[in-house]
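The structure appears below as structure tokens.
None of the figures in this text is laboratory data; all of them are computed from the coordinates on show. Bear in mind that the values here come from a model prediction, so they are computed numbers and not experimental data. When we count neighbours, we look across all protein chains shown, and the Cβ atoms used for this are built from the backbone with ideal geometry, even at glycine.
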Amino acid sequence: MIPPLRIAIADDEYEMREYLQRILPLLGHTVVSVAANGQELVAQCQQHQPDLVITDIRMPERDGIEAAEEIYRTRPIPIILISAFHDADLISRAELDHVMAYLVKPVKRAHLEPAIALAWRRFEQFEALRREAADLRQALADRKLIERAKGMIMQRAGVDEPAAFRRLQRAASRENKRLVEIAQMVIKVEELLADDGQG
């Protein structure tokens, strides 16, 4: 089960906007904004901060794909694209990270409900992977700093690697700081001492 979502919709056809406004609450969701073109959609998403966007592709002023790209740059959310056209060019343009589903008109309730659920689950998985990748990069960067600090302690104090690591751990515990913060302090002090030696 997915949670009730706050959804922004955009379509230049009045009938389609009306249809989505009527159907989405029946599926347990709230329509927080209704736009007739891409420009309106971008502005309304900035104002209402929806959880998900359902937008037509071909609209005046700015199409749905361009609007989706700008919305996603500001705040990553899942996008479902709707189109009356099923051509290869549109589909290739729609193959962006944030486009989680693609529906061809006429959109039926039986298609809309699973598309929303799929888009939400895909987006959650995508975001988890993105966070994990960011965390992994941070972990690798932290590890490099700790290794560097450990090497400095070994050289200055004439101790082996386990002893240098224990010194870092004791300092982190004593100062109530993370190991990487202590490592950064050690590196700064060592660099200051090195500068002093040269000066």
Residue 156 paired with residue 143, simple spin-label distance in nm, labels 7 Å along Cα-to-beta-carbon: 2.5 nm
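Within a 10 angstrom radius of the beta carbon, how do 129, 24 rank from fewest other beta carbons to most?
Values: 129 10, 24 21.
Least crowded to most crowded, the residues run 129, 24.
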Test item: Cα-centred dipole of segment 6-107, Lys/Arg +1 and Asp/Glu -1 on Cβ, debye: 360 debye
Among 152, 116, 169 - extreme Cα towards positive end, dipole of the chain, charges at beta-carbon: 169
Degrees separating the helix 38-48 axis from the principal Cα axis of the chain, which is the longest one: 60 degrees
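Can you work out the FRET efficiency for the pair residue 175 and residue 73, with r the C-beta to C-beta distance and R0 = 35 Å, to the nearest 0.05? Write out the running numbers ahead of the final one.
Values: r = 39 Å, r/R0 = 1.12.
The formula returns an efficiency of 0.35 here.
Tell me, 11, 142 in order of fewest to most beta-carbon neighbours within 10 Å? Mind dumping the intermediate values first?
Values: 11 26, 142 16.
With the fewest neighbours first, 11, 142 line up as 142, 11.
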For the chain, size of Cβ-based charge dipole, Lys and Arg +1, Asp and Glu -1, in debye: 1100 debye
Cross-link reach list, lysines versus residue 150, counting only Cα pairs under 27 Å and skipping chain neighbours closer than eight places: 177, 188
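What range in the chain is the longest one free of trypsin sites (Lys or Arg not before Pro) that are in a loop by DSSP and have at most 12 other Cβ atoms within 10 angstrom? Present the calculation step by step, with values, prior to reporting the outcome.
On the way: sites that count: 108, 178.
Here the longest run is 1-107.
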Potential lengthening between residue 22 and residue 133 on full extension [0.36 nm per residue; Cα-Cα distance subtracted]: 36.0 nm
Reachable aspartates and glutamates from residue 108, criterion Cα separation under 19 angstrom, eight or more residues apart if same chain: 11, 12, 13, 15, 18, 56
Estimated vicinal HN-Hα couplings, Hz - segment 49-64 in sequence order (Karplus 6.51, -1.76, 1.60; Gly, Pro = x): 6, x, 8, 7, 10, 10, 9, 5, 8, 8, 9, x, 6, 7, 7, x
Answer label for semi-axes √(5λ) of the Cα gyration tensor in Å (calculated), chosen among (i) 54, 17, 15; (ii) 24, 19, 17; (iii) 27, 19, 16: (i)
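Taking GluC sites (Glu not before Pro) that fall in a DSSP loop and have at most 15 other Cβ atoms within 10 Å as cut points, what is the longest piece of the chain between them? Each step should come with its number before you reach the end.
Details: sites that count: 13, 61, 95.
The longest such stretch corresponds to 96-199.
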Extreme residue, positive dipole direction of segment 6-107, given options 84, 32, 72 (C-beta unit charges): 32
